[in-house]
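In what follows, a structure is listed as structure tokens, so that the remarks can point back to it.
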Amino acid sequence: MEKRLTRSDYLFIFVFIFMLVAAVGAFFYGVQIGRHEMQTQYAKLHPGDDAVKKQPSAYEQQVLVSFYHTIYSPFREFQNKWSADMEAIAAPDATTDVKSLLKGLQRLANEKYSAIQHITLPQNSPLLLDAQTGYMKSLRLFASGADRLLEKQADDGIKWADAVRNDSYITEAKRFALHSQLQFYDAIVLWNETVDPTLTPVDAKSGLSLNLWEKLNLNEKNRYLAAWLSENMVFANFYPQDLAIDIDDMIAKGNAKKMRLSTVDDIAATLVNSAGVRAGDFNNGKAKYYRNERLPQLPFFID
């Protein structure tokens, strides 16, 4: 006759099964905790991995907008003040306090340098990183050039203007600034290529024909003119797009043909040398020529 299990036997079996289940659960819980700790330790050893994943593409719109507001615009504020003060210095007005203007420009250059210096840009945007460095060098040279000019003596505005024009520090400052502007417009074209896969960049070299100019979109025209301004050391307060729309206007009205100007470079030189380009020309005429143009949402395109 079989012996029946007692209450103590059932209790023992129940406790055994409970402990077995608990042990298995504790094992898998420990595995999960261990995996989490390993991931945490890996993240500490490789902090850049997540940053790379979250990092925006090199020249997407938010990167361009950030560069515009934190670097390009502050420098343009200095550039506009420089241009206005240089006009005042060159004007035949005996009441102009040239040294006071130079001190103000020196102070402003140092202020803008400090503002730009601490801006952090994505490491995968080399054009903008180089442009930031170039603008900083430019501002340093403008400040140093103004300081050197304060030691000079001149009888009138024309001599002061010549002294500014011939100062090697000022010349290099302009060179750095214009090259940095070109890099910004290069970055805009790269943005354009990412949002328009059908865009086929045109190899627009010096001496661009009018026929090839017509095939370029506005971003490519602006890059070409930024390069032209840099090569010809045209440090003015207008934007490349202001010059672009004035070139379009000359071609559309037939004035370029009448003047026998066969290249974009010739038209650009004619407009610049005759003071035919002004800041704001683009915004005054963009509805006529570029109503449906694909442009990044940067203030100088939409103001």
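Table for the structure above
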read-out	value
Per residue, in Å², the accessible surface of the range 139-179 once ligands and nucleic acids are set aside, probe 1.4 Å	55
Accessible surface of the range 109-266, 1.4 Å probe, proportion on carbon and sulfur as whole %	48
Relative packing of 137-149, 190-202, 77-89, 110-122, which averages over residues the other C-beta atoms within 10 Å, highest first	137-149, 77-89, 110-122, 190-202
Inter-label distance for residue 70 and residue 103, nm, one decimal - labels placed 7 Å from Cα along Cα-to-Cβ	3.4
Rh (Kirkwood; distinct C-alpha pairs) - the range 181-230, Å	11.1
Two-site label geometry, residue 283 and residue 162: point separation in nm, points 7 Å out along Cα→Cβ	3.9
Label-point separation in nm, residue 198 to residue 273, each point 7 Å along Cα→Cβ	4.1
For the range 65-218, the spread of Cα positions along each principal axis, largest first, Å	59, 40, 22
The range 246-303 - Rg and Dmax from Cα coordinates, angstrom	12.7, 36
37 °C / 0.692 mPa s Stokes-Einstein diffusion coefficient of the range 175-303, Kirkwood radius on C-alpha pairs, µm²/s	221
Stretchable slack from residue 233 to residue 260, in nm (0.36 nm times residue separation minus alpha-carbon distance)	7.3 nm
5 Å-binned pair-distance histogram of the range 204-247 (Cα, whole percent)	5, 23, 36, 24, 10, 2
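The values are calculated or read from the model by the stated rules, or taken from the named source; none is laboratory data. Because the structure is predicted, anything quoted here is derived from the model rather than measured. Please note: Cβ atoms are built from the backbone with ideal geometry, for glycine as well, and neighbour counts cover all protein chains shown. Side chains included, ligands, DNA and RNA excluded: accessible areas come from the protein's heavy atoms. Shrake-Rupley method; radii C 1.70, N 1.55, O 1.52, S 1.80 Å.
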